[in-house]
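Student: Shown below is the structure under consideration.
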Amino acid sequence: MTTMTILGATGGIGAAITAAAEARTGLRVRAVNRSGDATVASTTERVAADIETPAGARAALGGITASPDGDHVVVLAAQPPYHAWGDGRFERLLDNVLTATAEVGGKLVFVDNLYAYDNTAGPITEK
């Protein structure tokens, strides 16, 4: 069975991804936030973890490893507040999640924003 762990499950995007995952059959869903109090379906596992620490990132993934009959998909929908992006917290969070995901053999999906793109009047493309 495939496991999907959503880090930042109580934010706008994380909550939407959690709800969409819960609507799928055959998917184990884990909702992670700092307090573990995410409002989720009764079939969804709630997890409290601070992914800004290495131990917290490992706890968030629960040691669940990818297996021949399923994957562990980790969705990173959490970020430090904007004002903290310049103090190294963002990099530490990313390092912790990348390391923990690699340790369990998971696949990481990173929820990003459009800040890397310059102002444009037309469509934004990858080219």
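The values are calculated or read from the model by the stated rules, or taken from the named source; none is laboratory data. From a predicted model like this one, the values you see are computed outputs, not experimental measurements. Here the Cβ positions follow ideal geometry from the backbone for every residue, glycine too, while neighbour counts run over all protein chains shown. To get the accessible areas, we keep the full protein, side chains included, count just its heavy atoms, and leave off ligands, DNA and RNA. Shrake-Rupley method; radii C 1.70, N 1.55, O 1.52, S 1.80 Å.
Student: Would you mind checking the tilt of helix 89-104 against the longest principal axis of the Cα atoms of the chain, expressed as 0 to 90 degrees and rounded to 10?
Tutor: Roughly 40 degrees between the two axes.
Student: Would you mind calculating the relative contact order of the chain from Cα pairs under 8 angstrom and at least 6 residues apart, reporting the percent as a whole number?
Tutor: 25
Student: Moving on. If I compute solvent accessible area with a 1.4 Å probe over the protein chains, what percent of it on the chain is carbon and sulfur?
Tutor: 55
Student: Could you give me D for the chain, from Stokes-Einstein at 25 °C and 0.890 mPa s, where the hydrodynamic radius is the Kirkwood radius over C-alpha pairs? Units µm² s⁻¹, please.
Tutor: In µm²/s, the coefficient rounds to 161.
Student: Sticking with this structure for a sec: Ignoring ligands, DNA and RNA, what accessible area per residue does the range 1-99 give at 1.4 Å, in Å²?
Tutor: 51
Student: By how many degrees, 0 to 90 and rounded to 10, does the Cα axis of helix 12-22 deviate from the longest principal axis of the chain?
Tutor: 30
Student: Right, here's the next one. What is the sum of charges around VAL73, taking Lys and Arg as +1, Asp and Glu as -1, for the other residues whose C-beta is under 13 Å from the C-beta of VAL73?
Tutor: +3
Student: Further question: Taking the alpha-carbon centroid of each part, what is the distance from the range 25-54 to the range 75-124 in angstrom?
Tutor: The distance from the Cα centre of the range 25-54 to that of the range 75-124 comes to 19 Å.
Student: Which of LEU7, ALA23, ALA60 sits closest to the plus end of the dipole of the chain, meaning its Cα is farthest towards the positive end, when Lys and Arg get +1 and Asp and Glu get -1 on the C-beta?
Tutor: ALA23
Student: Continuing with the same structure: For the residue pair HIS83 and SER67, what label-to-label distance in nm results when each label sits 7 Å from Cα along the Cα-to-beta-carbon direction?
Tutor: 4.5
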